[in-house]
């Protein structure tokens, strides 16, 4: 047999072997992938997330001092920014002065009530004294009348005693009329005191509000984390509600994975998860499924789709799934919110 015949025969044998090998490898790969995806759900539509607390000015003012650097680690309660508080101190002093004035007016009203009530006893004593004088004048008048009838005294003496009796009667009426006047004055003073006392509570509220406003000039960190996205400078005038920075909770990182709705059937809370971070090759972070969002991402969008408009096109929706990272993993400290990751859930 010639060499050409041997070579041709060898080529005919190698091709089927290569083809068979490729087919076997493809079958093995297909079976491997099939069994793999029977027990795993995978998505690369996922990212690192964290709670981000915005620090917002609650009062307006000029920035007096900034006590942090951008991307600095801070703790809850740390002083971050101090605003010029002179205006708010003056408002507090005004509120405290108004409160002190209201309390002083109440004390004056109470003193007036006590003084007026003491006059009631004096007025009643005057009535009693007037009654005694009237009784004596009446007795003297009766005696003088008898003497006058017996022609023992002159007409002038009789008229003088009669005038004295009438004067005593008028004095009694005047003394008796003073008692209700004083009682009315006491009631009026009491009403004034009640009105003044009612004015104290709003003044106390003004003081508390002024103190609260003054405390807002010292801006504290609301949580532990990294102070980022600083948006304020020394001397800048900030307005109430203006965001100045954000605190990123780097200790409470988690993963938000957007799975297709067709993948949710095999996902359960508590299932183990392997997380590959795009920024760090050959590194896997462990986690577990924590919870499922209450609706698809499309429903939370600014303009959610309306399938009743007549131009419906079926699109596979995605549901955000929250994945908790296992603690005691040193690599977690390198993660930052927004990083892209690939998530593999062990469903069996």
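Every number here is computed from the coordinates shown, using simple stated rules; none is lab data. In this text, all values refer to a predicted model and were calculated from it rather than measured experimentally. So basically every Cβ, Gly included, is an ideal-geometry build from the backbone, and we count neighbours across all protein chains shown.
List the extent of the Cα atoms of region 253-346 along each of their three principal axes, largest first, rounded to whole Å.
So the extents along the principal axes, rounded to whole Å, are 52, 25, 20.
Show log10 I(q)/I(0) for region 191-303 at q = 0.11, 0.23 Å⁻¹, two decimals, from a solvent-free Debye sum over equal Cα scatterers.
The Cα Debye sum returns log10 ratios of -0.74, -1.32.
Zone of residue 281 (label point 7 Å along Cα→Cβ, backbone N under 18 Å): which residues in region 313-348?
Under cut-off, by backbone N: 340-342.
Before rounding to the nearest 500, sum -39500 (n - 2.57) across all DSSP H runs of length at least 4 in the chain and divide by the residue total; then give [θ] at 222 nm in deg cm²/dmol. Intermediate results must be reported in sequence, preceding the final value.
Working: 3 runs with 161 residues, N = 348.
Rounded to the nearest 500, the figure is -17500 deg cm²/dmol.
If we count other beta carbons within 10 Å of each Cβ, what is the order of 259, 280, 300, fewest first?
On the way: 259 22, 280 14, 300 11.
By the 10 Å Cβ count, ascending, the order reads 300, 280, 259.
Using only the Cα atoms of region 152-219, what are the Rg and Dmax in Å?
When restricted to the Cα atoms of region 152-219, Rg and Dmax are 29.8, 102 Å.
Could you give the angle, 0 to 90 degrees to the nearest 10, between helix 86-149's Cα long axis and the longest principal axis of the Cα atoms of the chain?
20
How much length is gained if the chain between residue 96 and residue 251 is pulled fully straight, taking 0.36 nm per residue apart and subtracting their Cα-Cα distance, in nm to one decimal? List each step's numbers first, then the result.
Details: separation 155, 0.36 × 155 = 55.80 nm, distance 4.37 nm.
Computed gain between residue 96 and residue 251 is 51.4 nm.
How far, in nm, would the chain grow between residue 342 and residue 204 when pulled straight, counting 0.36 nm per residue and subtracting the alpha carbon separation? Before the final figure, lay out each step's value.
Details: separation 138, 0.36 × 138 = 49.68 nm, distance 5.84 nm.
So the chain would gain 43.8 nm between residue 342 and residue 204.
Determine, for 52, 226, 17, the number of other Cβ atoms within 10 Å of each Cβ, and report the residues in order from fewest to most. Intermediate results must be reported in sequence, preceding the final value.
On the way: 52 15, 226 20, 17 9.
With the sparsest Cβ surroundings first, the list reads 17, 52, 226.
Would you kindly state how much longer the chain becomes between residue 215 and residue 58 on full extension, computed as 0.36 nm times their sequence separation minus their alpha carbon distance, in nm to one decimal?
Value of the extension gain: 55.5 nm.
Taking Cα atoms, how many degrees apart are the long axis of helix 3-38 and the longest axis of the chain, rounded to 10 and kept between 0 and 90?
20
Tell me, how many Å apart are the Cα centres for region 272-329 and for region 66-115?
Cα centroid to Cα centroid, the span is 48 Å.
Taking the Cα atoms only, what angle lies between the long axis of helix 155-215 and the longest principal axis of the chain, rounded to 10 degrees?
Relative to the chain, helix 155-215 is tipped by roughly 10 degrees.
Please find, in a Gaussian network model of the chain (springs between Cα atoms separated by less than 10 Å), the residue of 156, 279, 257 whose mean-square fluctuation is greatest.
Residue with maximal mean-square fluctuation among 156, 279, 257: 156.
Averaging sequence separations of C-alpha pairs under 8 Å and six or more residues apart, then dividing by the length of the chain, give the relative contact order as a whole percent. Could the numbers behind the result be given before it?
Numbers: 521 pairs, mean separation 108.8, N = 348.
Over the chain, the number comes to 31 percent.
Taking Rh as the Kirkwood radius, which is the inverse of the mean 1/r over Cα pairs, what is the Rg/Rh value for region 86-215?
Computed over Cα atoms, the ratio is 1.48.
Counting pairs of alpha carbon atoms under 8 Å apart in space and at least six apart in sequence, what relative contact order in percent does region 253-346 give? Working shown, then result.
Values: 147 pairs, mean separation 42.5, N = 94.
For region 253-346, the relative contact order is 45 percent.
Obtain the nm distance between the two label points defined at residue 314 and residue 103 by a simple spin-label model: each point lies 7 Å from its Cα along the Cα-to-C-beta direction.
The two pseudo-label positions are separated by 7.6 nm.
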